[in-house]
Amino acid sequence: MSDNEGDQGPKSTFCTYMAEGDQLYHKGEYVKAIESYSTTLILQPDDKNCLVARSKCYVKMGDSDNALRDAEASLYEDK
């Protein structure tokens with residue numbers, strides 16, 4: 001039983017941080033959204049959706065270097 005709880009814990013946390021980032025993005029709170037997405041990427045570094053979402057935040061903030069870095073990283077995962 002504890003094994004199942006452990007399996008769901010990180011996934012639940014991942015989904016929570018991802019949803020929080022999405023909400024913050026839609027509110028225009030891009031710095032906070034980036035923080036949530038960055039935490040999400042610590043839990044699952046190869047998540048393409050999260051990389052793209054964080055890239056969009058960087059674009060909104062005018063940070064093209066970081067936006068491009070995340071966008072390119074999301075493409076590398078397809079290889």
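The values are calculated or read from the model by the stated rules, or taken from the named source; none is laboratory data. Given the structure is predicted, the values throughout are model-derived calculations rather than measurements. Cβ placement follows ideal geometry from the backbone for every residue including glycine, while neighbour counts extend to all protein chains displayed.
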Note to self: Return the residues of the stretch 49-68 that are assigned to a helix (DSSP H, G or I) and loosely packed, with under 15 Cβ neighbours inside 10 Å; say none if nothing qualifies.
What the structure shows: Asn49, Lys60, Met61, Ser64, Asp65, Leu68
Check: Residues in the stretch 35-48 that are among the acidic types (Asp, Glu) and either over 14 Å from Ser74 (Cα atoms) or surrounded by fewer than 14 Cβ atoms within 10 Å (Cβ to Cβ) (or both): how many?
Finding: 2
Item checked: the stretch 58-73 residues that are modelled with pLDDT of 95 or more, paired with ones that are assigned to a helix (DSSP H, G or I) and of a type in the set (Phe, Trp, Tyr) (beta carbon under 6 Å, 6 or more apart) -> Lys60/Tyr30; Met61/Tyr30; Asn66/Tyr58; Ala67/Tyr58
